1. What residues qualify as long-range amide H neighbours of VAL75, i.e. H under 5 Å apart, gap of 5 or more or another chain, H built at 1.01 Å from N?
2. If I stretch the segment between ALA83 and GLU163 completely, what's the gain in nm (0.36 nm per residue apart, minus their alpha carbon distance), one decimal?
3. What is the helix-to-structure angle for 55-68, meaning the angle in degrees between its Cα long axis and the longest Cα principal axis of the chain, kept from 0 to 90 and rounded to the nearest 10?
4. What trypsin sites (Lys or Arg not before Pro) does segment 149-226 have in DSSP loop regions with at most 10 other beta carbons within 10 Å?
5. Treating only the Cβ atoms of Lys and Arg (+1) and Asp and Glu (-1) as charged, compute the dipole magnitude of the chain about its Cα centre; round to the nearest 20 debye.
6. So how tilted is helix 183-192 from the main axis of the chain? Cα-based, degrees 0 to 90, rounded to 10.
7. Determine the equivalent ellipsoid of the chain by diagonalising the alpha-carbon gyration tensor, then write out the semi-axes as square roots of 5 times the eigenvalues, largest first, rounded to whole Å.
8. Where does segment 163-229 land on Rg(C-alpha)/(2.2 N^0.38 Å)?
Amino acid sequence: MKQIALDIGLAPGPSLANFLAGQNQLVLEHLSLWVSNQVRSPVPTYLWGEVGCGKSHLLQAVRSALGEQGGLGSVGWIDPQLAEPGAFREDWQVVLLDDVHLYNAVQQHAAFNWFVNATSATDGQQRWVLASGAMPPSDLPVREDLRTRLAWGHVFQLQLLSEIERRSVLRQHADARGLFLSDEVMDYLLHRFSRDLASLMHWLDQIDRFALQSKRAITVPLVRDMMEQL
């Protein structure tokens, strides 16, 4: 197996602007309103849906938007890769809990503690909690007190994009990198690889790396050669 090790070209990070909503327009409007509004509702929000529907993208986009407003340090964040979340901080504006269905006992304990502190802070200012998971709150494999709190407030189910919409996302991200994807390459990606957006973005990253490394245009033969070397 050959390791492809080359710095990837400049890629846009997750943002609300580059999220293709499709049937999820109401969710995007809900999050955009909160991020842009100076008087922010403290009612928590929970997003759920299949892998690749954009849950993590939206949480990261909110985090990024707050960072651009000068408040990145005022965001509490937990995901399954964060082994030991720290204590709740009262300077946070928002608590973001990504992929809660994968939390272990330590992460669940921290998430519950953060949720309680965010919604009942001693300084009288409630913080927003935005969370995501692969299933509705009632089906989450987490402790009961956390499950019931995630069910309180706004709950949105995210829908997967259609093939036409996935093509649009691929085209959008390729254009942002200065890459040209022919219809032939697009067809190959959509029919040979997993069609969820997370996987497609991963393969776009890999193709970008390999094309830069080999100094070749992106074609179906190039993608095949890349797969042989992975």
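Read-outs: derived from the displayed coordinates by stated rules, not from any lab. Fair warning: this is a prediction, and the values are worked out from it, not measured in the lab. A quick note on method: Cβ atoms are made from the backbone with ideal geometry, for glycine too, and the neighbour counts reach across all protein chains shown.
1. GLN93
2. Extra length from ALA83 to GLU163 when fully extended: 25.2 nm.
3. That works out to roughly 70 degrees.
4. LYS215
5. The dipole magnitude comes to about 180 debye.
6. 60
7. Rounded to whole Å, the semi-axes are 36, 18, 17.
8. 1.00
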